[in-house]
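All remarks here apply to the structure that follows.
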Amino acid sequence: MSGDAPFPAPGSQIQNVAPEEAAALLGSRPEGLDAAEAAARRAEVGPNTLEAPKGLWWLRSLARQFTNFFTLLLILAAAICFVGEAVQPGENMDVLGYALFGVSLLNALFSFVQEFRAEKAMEEIAKFLPRDVRVLRGGTESSVPAEDLVPGDVVALREGDRIPADARLVAGADVVVNNAPLTGESLPLPRTPTASDATLLEADNILFAGCSVQRGSGRAVVFATGFRSQFGRIALLSRDIRRTVSPLEHSTAQMVRVLSLIAVGLGATFFAYGVATGASLWVSLVFMMGIIVANVPEGLLPTFTLSLAMGSLRMARRNVLVKSLNAVEALGAVHVICTDKTGTLTANRLTVTRLAGADGGEAEAGPLLAAALAASDVAAGDGGFSGDPLDVAIAERLAADGGDVAALRAAVARDFAFDVEKRRSAGITGARFVVKGAWESLAPLLSAGDRAAAEATVHDLARRGHRVIAVAARDLAAAEAGMDQDALEHDLTLLGFLGLEDPIRPEVPGAAAQCRAAGIAMVMITGDHPDTAAAIARRAGILDEGDDRADRVITGDELDRLREGELVAALQAGAAVFARATPEQKMKIVAALHQMDKVVAVTGDGVNDAPALKAADVGVAMGRTGTDVAREAAQVILLDDNFASIVAGIEEGRTIFANIRKFTNYVLVSNGPEIIPYLLYILFPVPLALTVIQILAIDLGTDIIPSMSLGQEKPDPEVMRQPPRDRHQGLLTAGLIAHSYGFLGLIEAAFSLSLFFWVLHGGGWHWGDALATDDPLYRSATGIALSSILLMQIGNLFGRRSRFGTGIDRGAFANPLLVAGVLFELAASWAILYVPAVGFVLGTGPVPMPVYGAALLGPLLIFALDYGRKVAARRLSQPPAGAP
């Protein structure tokens, strides 16, 4: 839809006028538009659908995935392999090039699938609108496609219908709607045709698209269709939001950029140096490619993907389904959880939890519930009770207390259905007339004394978050049994109050306590009343009992008046509950938290939650009770609807990030012995100790399984007693670079090069002698250099398991991938030297057994030196004895 409508815009006054004036305000009539008017308006405002023209959006999205830095990096590595094969054929570098290109293709397609899900969410939202609707055109009622509705159309609605567009009720009897798809609150809401002074969203004469008619029938005049409806606004928000870059994406991109810039800078510099000093173009080119390949962590990105994928499988075993791999780690970085109330913190089921007398004391359950049931309309079936949620809650409580619901309902002689205007229902059982309903509707029917005594009880129940239903009755004379309800409603005696609530899920308080211990703040965002929201927040553990500070609860009206800076200040001051909030306001809260550099998770289960679920760093939807829209918009789904599963996901996410740091450190260590041979090659007249194909064999081959094993390490017991890390904390810190390159990398380089030159000198090589790449002596020397690096990586692997400990414990051998990684490194180090087929591919040859025996000391050497560093670091990190 675009452009302005060719008829008066209703603005905020459509709910304020009398029903007979509503159609005229929209340029229509009570008998509706004629066909020509409807066609003209449809041509102007467009169809009543939630589908936007898509064009070739998917092609643009797919192309974008091939221009991100990760994919370009992998393509560059593949291109280097193809160039190497062209320059020096026969080294099988083209095979690795195809492998790298395949990885880049898979990564790009995976990202494309994630973006495609945004369109899926839009399709799910569109399903909430009906296909056909009954409409008055020229005074005649007919069925037309819902997409042909236009502002000014008069629609006929009945019980069970989905509302096709935003409309003003102009005629109807006992109309009750369910606005849960829009607001998230599933309470039945009475609707009346009379004028209202409330705002559009609060008015009781407005029907919203996507919601449903629970009871009654009526006519309404349409004033907003398609994306102009409140439901359409949610659809637009859900479609147009771009997800934030996850902390891991940011950290990884920064790390790869730094390493790649260093690699390209070094490669280009020494290429120029080689050419300037008279080195052949081939030597300079090989050097440049070697420096780039040695610095670029080609195997790190696939390892990241595999580690996150395995983490997602572990989460699934804990009932946390992850749709986006980056969300696996992002959960561990969360600072704030913004949670919906209904269906997330609560069970989304009305329950009678308090029975109070007029004086506030406990009322006798049986008589009060039996009286309330007499004024209810409920039926028993195989699947339980059916009827209005309030009546069902009364029947369920009575049955749970041992009452015979069927017998009590059979004793009801007359039912007076719920009256929307009066806000109460009634019934006659035996010689007794019973009325139940909102306190405000029953209070005028009671004596002044009853009212005064009960007001304090009503206020106390409401303050504690209960929905309050009053029950009153009087005895009937035989002659009164046939009278109507109005004639019977006098001289009533208050029997007591039912306190109903949507109960807190049992796991929520414990999960909230765990979040606090982990330094994670919780914010509740709901469409409910502020008092109810605050009471629920206290029971959930979001607010402390007795915390009545006004600045802790903010209403939607107050939120509208706050600028972003003021909202940030309110959040920093402790605002934790937002009541009467709209979908746009939820996004405003998320944006303010992002302004504070917080990593935000949003939980929800309704259509109204979809925009915020997408705007958050991590969107978490309920799997059982959540709508399809919420599940499509979210990155994480709780399969058991258990809020405590979020805490399990956060623990897993924190563990994954810690493990990623471990295997990043592990992988970068081997860059040292890969880079230094090329520096020696360009600066001195010595053979190249490692070829490009051998470097790639380490990065994309032998390092992969050990890296994955570090990704499988179990959580540290202290991981959930520490605050979340800073959003901008990177993987590539100065300390990690110094340890990987300046300490362990140098150790591996020195050891492997010493063996390389040992073999050369033992074979008769002298300083400055040139060796052909197919010379058996050269192949043996480069083979032992490569083999010793693999062996030393075993000592590095155990060292990375613990910051200060040895890393050798039961847990190490209980990790099957770690055992497999060690065995694979050992087998590969042998095969490189003594299996001809492997030697042919990698350009290596055998060495005497004493030389290989010396190489086997490498893991012990690097492990011992690294453990010595740990002991010194631990002592330096501990305060002196007696220090505070």
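A few comments on the model shown:
- Overall, the accessible surface of the chain at a probe of 1.4 angstrom is composed of carbon and sulfur to the extent of 60 percent.
- The alpha carbon radius of gyration of the chain, expressed as a multiple of 2.2 N^0.38 Å, is 1.23.
- Share, in percent, of DSSP beta bridges within the chain that are antiparallel, nearest 5: 75
- Separation between Cα centres of segment 506-520 and segment 536-608, rounded to whole Å: 18
- Surface analysis of the chain yields an accessible area of 40 Å² per residue, using protein heavy atoms and a 1.4 Å probe.
- Between L860 and A573, the contour length at 0.36 nm per residue exceeds the Cα-Cα span by 97.9 nm.
- With a simple spin-label model that places each label point 7 Å from the Cα along the Cα-to-Cβ direction, the separation between D531 and D544 comes to 2.5 nm.
- Between the Cα long axis of helix 389-400 and the first principal axis of the chain there is an angle of about 90°, rounded to the nearest 10.
- Compactness relative to 2.2 N^0.38 Å, alpha carbon Rg of segment 760-827: 1.61
- Rounded to the nearest 0.05, the FRET efficiency derived from the C-beta distance between A770 and A309 at R0 = 51 Å is 0.60.
- Measuring between alpha carbons in the structure, the pairs from K341/K614; K341/K436; K662/K714; K323/K588; K588/K614 lying more than 20 angstrom apart are K341/K436; K323/K588.
- Potential lengthening between A63 and A734 on full extension [0.36 nm per residue; Cα-Cα distance subtracted]: 238.1 nm
- Efficiency of FRET between E507 and E364 - r from beta-carbon atoms, R0 25 angstrom, step 0.05: 0.15
- Cα lying deepest toward the dipole's positive end in the chain, options P164, V871, G496, charges on Cβ: V871
- Backbone geometry of segment 427-436 corresponds, through the Karplus equation with coefficients 6.51, -1.76 and 1.60 at θ = phi - 60°, to 3J(HN,Hα) couplings of x, 10, 10, x, 10, 9, 9, 10, 10, 9 Hz, x marking Gly and Pro.
- Temperature 10 °C, viscosity 1.306 mPa s: under these conditions the Stokes-Einstein estimate for segment 351-501, based on its Kirkwood radius over C-alpha pairs, is 103 µm² per second.
- Normalised contact order of the chain, rounded percent, pairs of Cα under 8 Å and 6 or more residues apart: 12
- Taking amide H as placed 1.01 Å from N in the peptide plane, L543 has its amide H under 5 Å from the amide H of R538, each at least 5 places away in sequence or on another chain.
- Residue-averaged 222 nm ellipticity for the chain, from DSSP H runs of 4+ at -39500 (n - 2.57), nearest 500: -15000 deg cm²/dmol
- By average C-beta atoms within 10 angstrom, highest first, the peptides 837-849, 547-559: 837-849, 547-559
- Note, ³J(HN,Hα) from phi for segment 774-783, Karplus 6.51, -1.76, 1.60, rounded to Hz, x at Gly and Pro: 9, 5, x, 5, 5, 5, 5, 5, 5, x
- Sorting 869-876, 346-353 by average packing, meaning the other beta carbons within 10 Å per residue, from highest down gives 346-353, 869-876.
- Added length on full extension, which subtracts the Cα-Cα distance from 0.36 nm per residue, A410 to H761: 115.9 nm
- In straight-distance terms, cross-link reach from K598 covers every one of the aspartates and glutamates whose alpha-carbon lies under 16 Å from its own, apart from those fewer than eight places away in the same chain; here that gives E249, E329, E564, D617, D726.
The values are calculated or read from the model by the stated rules, or taken from the named source; none is laboratory data. This structure is a prediction, so every number in the text was calculated from the model and none was measured. For neighbour counting, all protein chains shown are included, and Cβ atoms are generated from backbone atoms with ideal geometry for every residue, glycine included. Ligands, DNA and RNA are stripped out before the accessible areas are found, and what is left, the full protein with its side chains, is counted by its heavy atoms. Shrake-Rupley method; radii C 1.70, N 1.55, O 1.52, S 1.80 Å.
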